[in-house]
Amino acid sequence: MIHPLLVSASAPPPIDSPTIQYGDLSPLLVVAAVALLGVMVEAFAPRALRFTIQTALAIGGIVVALAATVWVGLGLDRASGDVLARGRVVAEGAVAVDGPSVFMWGLVLLFALVSMLLFAERRLEGGLSAFTGQAAAPPGSAMEREAVEHRIEHTEVFPLAMFALVGMMLFPAANDLLTMFVALEVLSLPLYLLCGLARRRRLLSQESAMKYFLLGAFSSAFFAYGIALVYGFAGGFGLGDIDQAVSNRIDGQNLLLAGIALMAVGVMFKVGAVPFHAWTPDVYQGAPTAVTAFMAAGTKVAAFGAMLRLFFVAFGGASWDWRPMFWVVAILTMVVGAVAAVTQSDVKRMLAYSSIAHAGFILVGVTGAFVGTRDASVTSVSSVLFYLTVYGFSTIGAFAIVTIVRDASGETTQLSRWAGLGRESPLVAGAFALFMLAFAGIPLTSGFIGKWAVFSAAWSGGAWPLVVVAVLASVVAASFYVRVIVTMFFTEPTGEGPSVAVPSMATTAVIVVAVVVTVLLGVVPGPVLDLAQSAGAFVR
Amino acid sequence: MTAPTDLLLATEQAPDALAPVAASGVFVLIAVMILVPLVSSALLVLGDGPRFDLADKRGHLLGTAASLASFVIGVVLFVTLLGRDAGDRSIEQNLFAWIHVGGFQVDMTFLYDPLSALFVLLITGVGTLIHVYSIGYMEHDPRRRRFFGFLNLFIAAMLTLVLAGDYLVLFLGWEGVGLASYLLIGFWQHKQSAAVAAKKAFVVNRVGDVGLALAIMLMFAQLGTTSFVGVAEGIEQVSSGTATALGLLLLLGACGKSAQVPLQSWLLDAMEGPTPVSALIHAATMVTAGVYLVVRSNFIYEGTEAARTAVVVVGLVTLIAGAWIGCAKDDIKKALAGSTMSQIGYMMLAAGLGPAGYAYAIFHLITHGFFKANMFLGAGSVMHGMDDEVDMRRYGGLARLMPLTFGTFAMGYLAIIGFPGFSGFFSKDRIIEAAFAENVFVGIAAALGAGVTAFYMTRLMIMTFLSSRRWKENAHPHESPAVMTAPLVVLAVASVLGGFLVLGGWISDWLTPVTGYETHELAVPAWVFSVGITVLVAIGVAVAWATYGRRDVPSTAPEKVSFVTRAGRRDLYGDAVNEAVLMRPGDQATRGLAVFDRIGVDGAVRAVTGGIGATSSLLRRAQTGFVRSYSLTIFGGALIVLVAVLAVNLA
């Protein structure tokens, strides 16, 4: 600071340099630094070493970031207010480091960690990763063949994933609309690219990347327009400012409402809610399975986190205006997701529709908008956090298994080709059956507790008809999950049965971790449920 | 023996003084008593396969030793209990908390008091004798080891039943004896009739068990506890309607287990099991569990006149029905089974009389346990010598060829008909006296029953041991080996001497701390009853002699007989009634439900799944794969969202 008296008339007006709480933001910064380092590695490290270095860098960076997250989480102070909340707003109001943020950071970091293990799998493709060697080479061209011959690999997938991870961490923590938009794009762009990098079925992969990009850009436009309208109404970007404006509003209603609706389109596209879901099956199917796993688990956390923050903090005062719309979307999402999945014949597409249905179930918890009462009942925020945890691990586990059920042309995703898998490999089929049961919400699996949590939060929030619809949709959903189990265990294989490739330790570890978490959270959900509960509400 | 002053004090003690003291010293063996046969049973039943040759050869000895060990412990505990004051003869052993959910706690508690002490002696004593007997009886059976395993299981379960300190623990034993009974009735499962009989016993018992289960649930709902002590304390606070409901439900349970009308039908079929089983389970011990239940629950029946009356009625009806059936049967075991029903009817009747009858119910139960086990084993000995022939019309004149069997059987015979000085004389007399004091008509019916008992038992004696030989060809009757006759001798002695338990009022004094005791004044002196009943018995014997002793017994059952005989032969149409009232409507209902399930439920389910499938195909078609149509969807969705938000605000 310069003393005012010392300032001469010609000197420029004083500008306070922004204060950045580097400690609080350290998890984000670590991941961002690792991503940048990864770019450096691409430029300078010899080709032969790159894959190893990138893998080690990514995994090491995530571990450090996880440690930093735990450190930040332990240091969160209780915020003032009548509901339990921890943390504070940092970086000049751009980022909120609070309980839910830290929980979601930890969650996406864990998901990223196991996904990186899937990225690092090289045994299934004969020593090469599951990503194309030369993305620029047209599929089937001589250039592509050459790349395979020279065993060229795109190790850029690691820094790309780390950039996406930065976006995933920033999106739910963003405390103003501009940061949120930037985070959305940081999260999306690397993912678009990653989707197009499959080694096998490259045309399908590139098509999915193209679709994801076009539709993502389309929905981002809605989001951006929504931001503009809300700014027009509130006169500020900060979620706290908007909250003030919404709570004290007297006129300019329509500007706000249109803004809310358009921003909702943006986030609902990201979570894959109906009718903004059309991209999901195509992209899930086309993208390399490791990317699908990362995207399905991580993006969902980030997008739901941002949705919760946006609608509970900024538009919390207008919940009577947006809740009916959420009712409609939640019902549509659950019903369409569950019903459409029934006739799917491709495992990855089936999982995509399943993810849509699950987005619907999570929306039920969001729509409940239940902030809790004195007697520590499950709130909307904590139930959604818990659901994202259980869903993410089961999803990554399920996709990991998809990567190892193979035939000569790569992964066999035709459901009919999975017949007899139970006999071929009881362990793998058993693990997949467990994930299916968890998705269906059968007791003693994590999925049951997750469903119970969101439904109970919604019920407490007065949305009981929604819970009834959700339970009915669960019944429909259970039918196609069980059908997979029937196919694997009780159907005779036609022709040559499926084969399970022996993966490296990395993929095995992913499946084991997913199985353990799925069972553990089903049997002793207490600790994680308590952690989600103690994350508390958002700060503003 | 306690001093007379103690007895006087004990008589005045309130019946509900259930204040057990914790088990210490030698009483820690209570649980061991159950554990020993249980472990032995597990070894014998599970130790299957070629590596267990030794078990096949020596398993029966292990089983017998296990039962004997329990008996020895039972005697030691009994003697120790005798040495205690009447006030603290109730010992509780709490092993662990079995169920602990919220405010509901059930402990694995055992209660050793004068009542259960007597039962322990009866079960392990008679049980051990029957184990010994079975060594000979089952000698040629390839699955003898398994048989002894099941017998041990029964001993363990029955001990659990009578030692339980909580209704739920009692239920555990209750179901355990039901299982053992099922396994043993159907032991020769290769015989269709045995398999069916086992199933029938199981199903009919289920009806009774539901009654007991509901009673336990009702206790929990009304009192929040199921322990004897807790229920005894709380029962005074509940309404009389609840007490009556409890009493009736417990009676339903008792009817199932004790083969009382209307759940009597399984007992006669249960005679398909090996004869030692009939003696142990279906005569001496398990079938008396219902009586035990009623006597044990005396604190419940105390508050409900209606339930007590129901017990009396059930007992009386069964008493007469059993005697009736016993008169008409030609199968020796079924005749004895009818008699068992009838005698348990006496016990039920006594138990229904309240404190005036409890002690005599138990007294008769014990003497009956002796003489009926004796006679069943005797019947088994006869069958053993007659190539498993059971038709009495094919017996005759066996007395000389089987002197030991005849002699011991005769002791049992004299005991059951109530020949003066034999155990049955004392026990039955007391019940009939108490019945007269309660109600003249009940007393008359019970006394007539005694006469009928004399008739059918004399008939059985004459047809089997006396009268002309009507054997089938190839029959070579012979006396059984010593391993079978020795238990007969012991039981015969007990049948004679068992009655002395009543001398000096010992049995009623002994049980007073548990059940209470009271006497009613009779209009005439007790000896008048004794003489009157003895006269009735003499008439019964004389009629039987006139019918069967003086004339030749046809070797095939006569076809042209009165309705009374025909009804008796067909178990008083119990099965026909069950079939008409329960089975056929049940079948019809099942069939109806199956049709409803196929058309109604399945139809609805198929329609729904079909609808979902069709919708799904439709939705699939919307997934065209074209970005342009996806964008249109998003645009349409955005419109919907916009409209939804704005519409709410306008409305």
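Computed from label points 7 Å out along Cα-Cβ, the spacing between B:Leu650 and A:Glu146 is 6.3 nm.
Rg and Dmax over the alpha-carbon atoms of chain A stand at 23.3, 90 Å. Placing +1 on the Cβ of every Lys and Arg and -1 on the Cβ of every Asp and Glu, with nothing else charged, gives segment A:26-535 a dipole about its Cα centre of roughly 560 debye. Evaluated at q = 0.12, 0.21 Å⁻¹, a Debye calculation over the C-alpha positions of segment B:497-651 (equal weights, vacuum) places log10 I(q)/I(0) at -1.04, -1.28. Under 5 Å from the amide H of A:Ala198 lie the amide H atoms of A:Thr132, each residue being 5 or more positions distant or on a separate chain, with H modelled from the backbone and absent for Pro and chain starts. Note on segment A:26-535: dipole from Cβ charges, positive end direction compared against A:Val428, A:Phe233, A:Leu187; the farthest Cα belongs to A:Val428. Size descriptors for the protein assembly as shown: radius of gyration and Dmax over Cα atoms are 42.0, 149 Å.
Summary of the geometry: segment B:193-262 and segment A:331-382, compared by the centres of their Cα atoms, lie 48 Å apart.
Counting Cβ atoms of other protein chains within 10 Å of each Cβ in B:614-623 and taking the mean gives 6. Counting every pair of alpha carbons in chain B, the share spaced more than 39 Å apart comes to 35 percent.
Scaling the Cα radius of gyration of segment B:30-117 by the globular reference 2.2 N^0.38 Å produces a ratio of 1.45. By the beta-carbon count within 10 Å of each Cβ, the least crowded to most crowded order of B:Lys191, A:Lys451, fewest first, is B:Lys191, A:Lys451. Once the C-beta distance of A:Asp346 and A:Val475 is scaled by a Förster radius of 25 Å, the resulting FRET efficiency is 0.65 to the nearest 0.05.
Net length available on complete extension from A:Val516 to A:Glu496 is 4.0 nm, with 0.36 nm assigned per residue and the Cα-Cα distance removed.
In this simple spin-label model, placing a label point 7 Å from the Cα along the Cα-to-Cβ direction at both B:Gln189 and B:Thr624 gives a separation of 6.6 nm.
The long axis of helix A:99-119 is offset from the longest Cα principal axis of chain A by roughly 30 degrees. For chain B, the longest principal axis of the Cα atoms and the long axis of helix B:526-544 meet at an angle of about 90 degrees. Axis of helix B:627-650 versus longest Cα principal axis of chain B: the two differ by about 80°, to the nearest ten degrees.
Projecting the Cα atoms of B:Ile634, A:Ile62, A:Ala224 onto the charge dipole of the protein assembly as shown (Cβ charges, centred on the Cα centre) puts B:Ile634 farthest toward the positive pole. Sort out for me the Cα centre separation of segment B:283-356 from segment B:476-544, rounded to whole Å. Each part reduced to its Cα centre gives a spacing of 16 Å.
Per-residue packing, averaged as other Cβ atoms within 10 Å, sorts the ranges A:171-179, A:263-271, B:437-445 into the order A:263-271, A:171-179, B:437-445, beginning with the highest.
Taking the DSSP beta bridges with both ends in the protein assembly as shown, the antiparallel portion is around 90 percent.
About its Cα centre, how strong a charge dipole does chain B have in debye, to the nearest 20, once Lys and Arg get +1 and Asp and Glu get -1 at the Cβ? Dipole size: approximately 2420 debye. Counts of other chain beta carbons within 10 angstrom of each beta carbon in peptide A:206-218 average 2.
Each Lys and Arg Cβ is given +1 and each Asp and Glu Cβ -1; about its Cα centre, the protein assembly as shown then shows a dipole of about 2860 debye. Spin-label pair A:Arg88-B:Leu95: with each label point 7 Å from Cα along the Cα-Cβ axis, the two points sit 6.2 nm from one another. Distance from the Cα centre of segment B:132-155 to that of segment B:585-627, in angstrom? That distance is 54 Å. Using the Cβ-Cβ distance between B:Asp552 and B:Ser617 with R0 set to 51 Å, the FRET efficiency works out to roughly 0.05.
Could you tell me the calculated FRET efficiency between B:Leu522 and B:His476, based on Cβ-Cβ distance and R0 = 56 angstrom, to the nearest 0.05? The value I calculate is 0.55. Between A:Ala136 and A:Met505, full extension at 0.36 nm per residue minus the direct alpha carbon distance yields a gain of 129.8 nm.
Remark: the B:Ala538-B:Glu559 segment gains 4.7 nm on full extension, using 0.36 nm per residue and subtracting the alpha carbon distance. Each peptide in B:576-588, A:93-105, B:621-633, B:67-79 receives the mean, over its residues, of other Cβ atoms within 10 Å, and ordering these scores from highest gives A:93-105, B:67-79, B:621-633, B:576-588. Our summary gives segment A:26-535 a relative contact order of 15 percent, counting only alpha carbon pairs under 8 angstrom and 6 or more residues apart.
Ordered by the number of other Cβ atoms lying within 10 Å of each residue's own Cβ, fewest first, B:Thr288, B:Thr534, A:Thr508, B:Thr367 fall into the sequence A:Thr508, B:Thr534, B:Thr367, B:Thr288. Per-residue shielding of A:468-478, expressed as the average number of other chain Cβ atoms within 10 Å of the residue Cβ, stands at 1. Beyond 19 Å, the tail of the calculated P(r) for segment A:111-202 holds 47 percent of the Cα pairs.
Every number in this text was worked out from the coordinates using simple rules, so none of it is lab data. Bear in mind the structure is a predicted one, so any value in this text is a computation, not a measurement. Note: ideal-geometry Cβ built from the backbone for every residue, glycine included; neighbour counts use all protein chains shown.
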